[in-house]
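K.L.:
Sharing a structure below in structure tokens format, with a few things to ask.
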Amino acid sequence: MKLLKNKWLLLFIVLSILLSVSFGIGNYFVNYALSPTSDSDQRNVEDTVKASDKDQTIIASNKSQENQKGELFQKNLNTMNIGVNTDVIVEAKYKEHKNQHNWVILVHGYKSSNKNMMSYGAEYYQRGYNVLLPDNRAHGDSGGDYIGMGWLDKDDILCWIDWIVEKDKDAKIIVHGVSMGGATTMMLSGENSHYVVGYIEDCGYTSVWDIFASELDKRFSLPTFPVLDISNVVAQMRAGYSFKEASSIEQVKKCQKPMLFIHGGKDDFVPTSMVYEVYKAATCVKDMYIVEQAGHAEAKDYNPKAYWNKVFDFINKNILKDKVS
């Protein structure tokens with residue numbers, strides 16, 4: 001009898017240790033991936049694909065010019081804060097034209113801010129659009145303890161849509177996002193907001209689970225099971241969402257408005273294969289633009305003129321009948 005009790009005690013101790021270690025692992029990776037103060041944006045992996053030196057020089061030169069456009073644009077912007085739930089307040093910059101009802105919401109990427117979307121804002125504003133540039137939760141000047149990876153952000157964007165519609169009952173809204181912002185755009189598309197007329201997604205991922213699985217392998221050479229499974233449980237408890245539930249693929253299946261899918265052919269962060277998966281899943285009016293020479297979030301900077309020609313050609317042919325030039 002005493003021996004049996006000792007066995008049960010030993011089993012209890014072993015299970016307790018395993019649970020403690022498992023929670024510790026999950027806690028570490030959730031902090032690493034979803035905390036705004038971690039160094040997860042300091043990515044250092046061996047590239048499986050990489051733009052040539054010549055193409056990188058082109059991208060760097062164009063990016064410098066684009067940043068200058070963005071810096072000029074951001075000098076005279078308005079600021080707005082809204083509460084998206086009881087404990088998170090998010091902030092955005094915006095700029096309007098008088099008597100214009102075409103809007104664009106520009107959504108930035110992971111560990112970034114709306115400053116990285118200012119050159120996009122400059123282009124849209126020059127073409128007659130009212131421009132809204134949110135800081136995603138846990139980014140920039142917005143509140144929030146955990147990064148939403150697009151899944152929580154889609155709900156925040158719905159709040160910004162409501163804010164626009166309160167100002168402009170005739171608003172026609174395009175959502176254009178890059179990287180995590182591209183995933184946000186696709187995840188939002190499944191909600192089918194009446195006031196959103198179309199989507200431009202640039203280098204977004206298929207799901208949070210997929211992008212974390214890819215990075216877990218590239219950064220740490222660790223398997224999905226059990227590390228990501230444990231982290232997913234911890235994320236649900238702490239951040240309030242599941243990596244598997246946060247799926248761009250499942251959301252674009254429900255999308256009823258036109259969407260343009262953009263990706264760099266040399267993307268080493270969000271594998272280029274992912275754009276083919278989300279494109280195939282979408283049943284809406286759609287088109288795809290692959291910039292073979294570009295890395296992650298570099299499609300615009302490789303050839304800004306070609307990028308914007310593609311974007312506005314798609315918008316004018318498939319989204320807005322009353323064109324803005």
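The values are calculated or read from the model by the stated rules, or taken from the named source; none is laboratory data. Quantities reported herein were computed from a predicted structural model and do not represent experimental measurements. Methodologically, a virtual Cβ is constructed for each residue, glycine included, from the backbone with ideal geometry; neighbour enumeration extends over all protein chains shown. Quick note on the areas: whole protein, heavy atoms, side chains included, nothing else; ligands and nucleic acids left out. Shrake-Rupley method; radii C 1.70, N 1.55, O 1.52, S 1.80 Å.
K.L.:
Please compute the volume of the convex hull spanned by the alpha-carbon atoms of region 43-126 and report it per residue in Å³.
P.N.:
Measuring per residue, one finds 156 Å³ for the Cα hull of region 43-126.
K.L.:
If you don't mind, there's one more thing I want to ask. Give LYS63/LYS321; LYS50/LYS310; LYS69/LYS257 a once-over and call out the pairs whose C-alpha atoms are over 28 Å from each other.
P.N.:
Long pairs (Cα-Cα over 28 Å): LYS63/LYS321; LYS69/LYS257.
K.L.:
Under the rule of at least 5 residues apart or a separate chain, name every residue whose amide H is placed under 5 Å from the amide H of ILE174.
P.N.:
TRP103, VAL104, ILE105, VAL197
K.L.:
Turning to a different aspect of this structure: Per residue, how much accessible area does the chain show when a 1.4 Å probe rolls over the protein heavy atoms, in square angstrom?
P.N.:
47
K.L.:
Please report, as a whole percent, how much of the solvent-accessible surface of region 30-98 comes from carbon and sulfur atoms (probe radius 1.4 Å).
P.N.:
Carbon and sulfur: 43 percent of the exposed surface of region 30-98.
K.L.:
Here's a follow-up. How big is the antiparallel share of DSSP beta bridges in the chain, given as a percent to the nearest 5?
P.N.:
30
K.L.:
For region 120-270, with all protein chains present and a 1.4 Å probe, just round the carbon and sulfur fraction of the accessible area to a whole percent.
P.N.:
Accessible surface attributable to carbon and sulfur in region 120-270 totals 48 percent.
K.L.:
Okay, moving on. What size of dipole, in debye to the nearest 20, comes out for region 178-285 about its Cα centre when the only charges are +1 on Lys and Arg C-beta atoms and -1 on Asp and Glu C-beta atoms?
P.N.:
Dipole about the Cα centre, nearest 20: 140 debye.
K.L.:
Using only helices, what value at 222 nm comes out for the chain when you add -39,500 (n - 2.57) per DSSP H run of length 4 or more and divide by the total residues, to the nearest 500 deg cm²/dmol?
P.N.:
It comes out at -14500 deg cm²/dmol, rounded to the nearest 500.
K.L.:
For region 179-196, take each phi angle, set θ = phi - 60°, evaluate the Karplus expression 6.51 cos²θ - 1.76 cosθ + 1.60, and give the result in whole Hz per residue in order, putting x for glycine and proline.
P.N.:
6, 4, x, x, 5, 4, 4, 5, 5, 5, 4, x, 7, 6, 4, 4, 8, 8
K.L.:
With +1 on each Lys and Arg Cβ and -1 on each Asp and Glu Cβ, and nothing else charged, work out how big the dipole of the chain is about its Cα centre, in Debye to the nearest 20.
P.N.:
340
K.L.:
Restricting attention to region 254-325, which trypsin sites (Lys or Arg not before Pro) occupy a DSSP loop and are surrounded by at most 16 other Cβ atoms within 10 Å?
P.N.:
Those that pass, being in a loop and sparsely packed, are LYS254, LYS321, LYS323.
K.L.:
Could you calculate the contour length gain from GLN256 to LYS280, that is, 0.36 nm times the residue separation minus the distance between their Cα atoms, to one decimal place in nm?
P.N.:
In short, 7.2 nm is gained.
K.L.:
What distance in nm separates the two pseudo spin-label positions at LYS321 and SER38, each 7 Å out from Cα along the beta-carbon direction?
P.N.:
Going by the 7 Å Cα→Cβ label model, 4.8 nm.
K.L.:
If we count GluC sites (Glu not before Pro) as exposed when they sit in a DSSP loop and have at most 14 other beta carbons within 10 Å, what is the longest stretch of the chain that avoids them all?
P.N.:
After excluding every exposed loop site, the longest remaining stretch is 47-244.
K.L.:
Is the shape of the chain rounded, prolate or oblate, going by the alpha carbon gyration tensor and its root eigenvalues a ≥ b ≥ c, with a/c under 1.5 for rounded and a/b larger than b/c for prolate?
P.N.:
Judged from the Cα gyration tensor, the chain comes out prolate (a/c at least 1.5, a/b above b/c).
K.L.:
Measure off 7 Å from each Cα along the Cα-to-Cβ vector at ILE89 and SER242, then give the distance between these two points in nanometres to one decimal.
P.N.:
3.4
K.L.:
Still on this structure, please answer the following. If the label point is 7 Å along Cα→Cβ of SER64, which residues in region 268-302 have backbone nitrogen under 16 Å from it?
P.N.:
301-302
K.L.:
Relative to the longest principal axis of the C-alpha atoms of the chain, give the angle of the C-alpha long axis of helix 227-238, reported between 0 and 90° and rounded to the nearest 10°.
P.N.:
70
K.L.:
Which of SER242, SER38, SER193 ends up with the largest GNM mean-square fluctuation for the chain, with Cα atoms connected below 10 Å?
P.N.:
SER38
K.L.:
Take the chain, connect every pair of alpha-carbon atoms lying under 10 Å apart with a spring to form a Gaussian network, then pick out the residue of ALA92, ALA138, ALA213 with the largest mean-square fluctuation.
P.N.:
Sorting by GNM fluctuation, first place goes to ALA213.
K.L.:
Any idea how far apart GLN126 and THR79 come out in nm if each label point goes 7 Å out from Cα toward Cβ?
P.N.:
2.7
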